[in-house]
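As structure tokens, the structure follows; a few thoughts come after it.
The values are calculated or read from the model by the stated rules, or taken from the named source; none is laboratory data. Every value quoted in this text rests on a predicted model; they were computed, and no experiment measured them. Note: ideal-geometry Cβ built from the backbone for every residue, glycine included; neighbour counts use all protein chains shown. For accessibility, only protein heavy atoms count, side chains too; no ligands or nucleic acids. Shrake-Rupley method; radii C 1.70, N 1.55, O 1.52, S 1.80 Å.
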Amino acid sequence: MIKNLKSRFINRYLMASALFFASTIPAYASSGVILQSNDFVGISFWLISMALVASTAFFFLERDRVVGKWKTSLTVSGLVTLVAAVHYFYMRDVWVATGSTPTVYRYIDWLITVPLLMIEFYLILSAIAKVPVGIFWRLLIGTLVMLVGGYVGEAGYVSVWPAFIVGMLGWFYILYEIFAGEASKINANQAPANVQSAFKTMRLIVTFGWAIYPLGYFFGYLSGADPVESMKSLNIVYNLADVLNKIAFGIIIWSVATAESEKLK
Ligand SMILES: *C/C=C(C)/C=C/C=C(C)/C=C/C1=C(C)CCCC1(C)C
């Protein structure tokens, strides 16, 4: 009873703070410039901002339905979409008002949300096994190499090709860890069937879902296309990739969390 009340209180608190953040944003938004009906990149920024807000509310509220450690996983999913939603409001403004690519907001968002996604991997495994914390640190290092590589390329500190290659190496290292390293062994040896299948789906997301980002970078900087068109493709591709990797990823976690919780009830 008391436990239940506490959990409800936490839920209400999370919801209230999420809505607070969402409601402060319009004050910064639309600095006199409005979205044009033919600005499809801008439209995609708007759609995804809203989808991220809705997902945040969903993940936080659904905490009520799951037990124990799974609540943490849903909290982290909600934080990923919350942090991204706030950044999307700013990115949308930069794009709609100036037509330029919001690189710095994009990477600040990734710098927070990608490690949170790595924590999800770690949490889903630790919900069922004892997991050495080294796994988490190695995934984090891979992430940093990948993102720093991408940023110095996109922000113009280093030429786009070498920066891209460094970023790719970081990502390959993450793939190695989850396909052949310790994380994958723990999963194969100790995890129950539906955690294993969630782990496998998450792996596919990190392989194919994440592969969309270097494609975006490629179309943006390496394809030699007209610069205006390149920036449109870059932003559309990154935006779509975020729907898959933040919202769909969270939904996978939600479905395992609810299934595992039902078993225990
Ligand atoms: C929520 C945001 C996510 C999951 C962002 C993921 C970003 C990447 C997987 C970026 C990867 C890149 C490379 C693999 C090469 C260099 C360029 C990057 C940074 C776009």
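Here is a yes/no grid of residues against (1) open to solvent by 70 Å² or more (accessible area, probe 1.4 Å); (2) at pLDDT 95 or above; (3) within 15 Å of the ligand (Cβ to nearest atom); (4) touching a Phe, Trp or Tyr at 6+ places or on another chain (Cβ under 8 Å):
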residue: ILE25; (1), (2), (3), (4): no, no, no, yes
residue: GLN36; (1), (2), (3), (4): yes, no, no, no
residue: ILE43; (1), (2), (3), (4): no, yes, no, no
residue: LEU52; (1), (2), (3), (4): no, yes, yes, yes
residue: THR75; (1), (2), (3), (4): no, yes, no, yes
residue: LEU82; (1), (2), (3), (4): no, yes, yes, yes
residue: TYR88; (1), (2), (3), (4): no, yes, yes, yes
residue: TYR107; (1), (2), (3), (4): no, yes, yes, yes
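One line per residue, one yes/no per condition, for (1) at pLDDT 90 or above; (2) in contact with a Gly (Cβ under 6 Å, 6 or more places away or on another chain); (3) within 11 Å of the ligand (Cβ to nearest atom):
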{"site": "ILE186", "(1), (2), (3)": "no, no, no"}
{"site": "PRO192", "(1), (2), (3)": "no, no, no"}
{"site": "PHE199", "(1), (2), (3)": "no, no, no"}
{"site": "GLY220", "(1), (2), (3)": "yes, no, yes"}
{"site": "SER230", "(1), (2), (3)": "yes, yes, no"}
{"site": "VAL237", "(1), (2), (3)": "yes, yes, yes"}
{"site": "LEU240", "(1), (2), (3)": "yes, no, no"}
{"site": "LEU244", "(1), (2), (3)": "yes, yes, yes"}
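For (1) near the ligand (Cβ under 9 Å from one of its atoms); (2) assigned by TED's automatic domain parsing to the domain that holds ALA54; (3) farther than 20 Å from TYR151 by Cα; (4) in contact with a strand residue (DSSP E or B) (Cβ under 9 Å, 6 or more places away or on another chain), each residue gets a yes or a no:
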residue: TRP210; (1), (2), (3), (4): yes, yes, no, no
residue: TYR217; (1), (2), (3), (4): yes, yes, no, no
residue: SER223; (1), (2), (3), (4): no, yes, no, no
residue: TRP254; (1), (2), (3), (4): no, yes, yes, no
residue: ALA257; (1), (2), (3), (4): no, yes, yes, no
**Study point:** Residue identified as more than 16 Å from the ligand (Cβ to nearest atom), touching a residue at least 12 places away in the same chain (Cβ under 8 Å) and of a type in the set (Asp, Glu) among GLU182, GLU177
**Key:** GLU182
Practice item. Determine if segment 138-146 includes at least one residue that is among the small types (Gly, Ala, Ser), within 11 Å of the ligand (Cβ to nearest atom) and in the same structural domain as PHE40 (by TED's automatic domain parsing). Key: yes
